[in-house]
Structure formats: C-alpha cells, structure tokens
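Here is the structure we will look at, set down as structure tokens.
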Amino acid sequence: MSSIIPSLEELAAQVLASPRLGVRRLVALTGPPASGKSTQADILANRLNEEGCAAQVLPMDGFHLHNEILVERGLLNRKGAPETFDIQGFLQLITRLHDEPEIYFPTFDRSRDIAIAAAGCVNKTCDTVIVEGNYLLFDRPIWRDLRHHWDLALRMEVPETTLKHRLLGRWLSYGLSPEQARKRAEENDLANARVIEECALPADIII
C-alpha cells in the first residue's frame, strides 16, 4: 500500500532506508506532465547529497524519438505519449544502472525539442539514481517491466486544474500563442495525464 510522505526530510529518510536490488539504488519519481517531477527530483537529490548519499537525477525525456521519426509516423502532435519514446532503449539502460560502474545516457533539450546522445553520465561514485519521468509506473507492455527495477517508487499527484495552468504557462514561455498553448495542453499533455492515471501501477509513496 502506498504511503504519503509530507516532508522532504521524511522522504529522504525513506529513500535511505530502502533496500536495493544492486550496487546502486534506483528511485523512480513519476507523475503526469507539469506535476513538478524535475523540480522535486532535483530537491530530493540535493537533500540526499547533503546527507552524504551521492545522488543524481536521470530524466527519461532523453529517450524521446527524434522529430523526423515522429513526423514519418504521424505522431509529432502526440510527442510525449508512450508510443513516442524508445522504451526498449530506456529499459535496457535501467537494467544496466543497478551495477555497471559508468553509464552514459541521453538528455533532452526542451528549448530545441531534441534529445542529445550521451550527454549525461552516471559514474561509479553515484550511490542513488533518481529516475524521473511520466511513465515509470505505467501498466502497459514493456513499460510495466520497469517496475521490477525500482527499489523505491514515488508518484506525484496534482489536480488537473493545476496541471492545465502550469502547462499553459510552459508553452506560452516557449513562444506558442495562447490558442496553440491551450491546444497542446488539452489535446496532448492532459490526454497523456489521463492515460497515466488510468494505467497506473502502485507506488510505494504518494507525494
């Protein structure tokens, strides 16, 4: 059963107390678009580092398929949906994270809307990786296989009205018109958020 952790101190304590499947601890931090995953992951990683636990954030956004591939498949307007990620490549990387001393991973440049190969690195000094992404507890083929790799799984839950407000602000800040921002938020991001909620595997902790 999921528990609710109200404070950063308690959350960090839960992470540090969690058993691990391999040499390196893997913590999943998931939730819908604009739920605050990136910010929360950075805050948690900083707290763990202050506690003497070498922690690092690894976002799954680097596994977005390239836009040219999405155009060929008619999926560009659905970018961010499950079918627009390289899930096989992501799963392989997660499998390696437990024990391999040094692993490179792709990152995502949102301003250019592209993934950058091998732009991030988890090295042998890293004790705990906080993996951040929308579909880390997603009950669909291949995606659900990720669940077996999490030593601790956290899910952020945010009201849809709050998500919509944040998403509109996000897309306006990237130069979209109000109508373009509304369309992208409602027809893509919030649609993905509902799928995430409908197909959610249990989390250990709800934030």
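The values are calculated or read from the model by the stated rules, or taken from the named source; none is laboratory data. For clarity, every value in this text was computed on a predicted model and none was experimentally measured. Quick reminder, even Gly has a Cβ in these numbers, built from the backbone with ideal geometry, and neighbours come from all protein chains shown. Side chains are part of the model used for accessible areas, which takes the heavy atoms of the whole protein and leaves out ligands, DNA and RNA. Shrake-Rupley method; radii C 1.70, N 1.55, O 1.52, S 1.80 Å.
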* Structure fact -> Per the filter on the range 172-186, residues at pLDDT 90 or above and surrounded by 13 or more Cβ atoms within 10 Å (Cβ to Cβ) are L172, Q180, A181, R182, K183, A185, E186
* Structure fact -> Filtering the range 165-192 down to residues that are charged (D, E, K, R), within 19 Å of the chain's Cα centre (by Cα) and either within 18 Å of R78 (Cβ to Cβ) or assigned to a loop (DSSP other than H, G, I, E, B) (or both) yields R170, D189
* Asked: How many of the residues in the range 92-114 are modelled with pLDDT of 95 or more and touching a His at 6+ places or on another chain (Cβ under 8 Å)?
  -> 5
* Could you list all residues from the range 90-109 that are of a type in the set (D, E, K, R), without any contact (Cβ under 8 Å) to a residue 60 or more places away in the chain and in a loop (DSSP other than H, G, I, E, B)? => E100, E102
* Limited to the range 75-121, what total is found for residues that are among the hydroxyl-bearing types (S, T, Y) and under 17 Å from Y135 (Cα atoms)? -> 3
* To do: Search the range 181-192 for residues that are within 18 Å of G31 (Cβ to Cβ) and pair each with any residue that is surrounded by fewer than 19 Cβ atoms within 10 Å (Cβ to Cβ) and hydrophobic (A, V, I, L, M, F, W, C) when their beta-carbon atoms are under 6 Å apart and the residues are at least 6 apart or on different chains.
  => N192/A81
* Scan L163, L154, L76, L70 and give me the residue that is over 24 Å from A55 (Cα atoms) and touching an Asp or Glu at 6+ places or on another chain (Cβ under 8 Å). => L163
* To do: Could you please tell me which pairs satisfy a Cβ distance under 7 Å, a separation of 6+ or placement on different chains, a first residue in the range 64-89 that is at positive phi, and a second residue that is assigned to a helix (DSSP H, G or I)?
  => G80/N188; G80/D189; G80/N192
* To do: Looking for whichever is touching a residue at least 24 places away in the same chain (Cβ under 8 Å) and in contact with a strand residue (DSSP E or B) (Cβ under 6 Å, 6 or more places away or on another chain) here; the options are C121, C126. Which one fits?
  => C126
* To do: Among residues belonging to the range 121-164 that are part of a loop (DSSP other than H, G, I, E, B) and of a type in the set (K, R), point out the one that is most open to solvent (accessible area, probe 1.4 Å).
  => K124
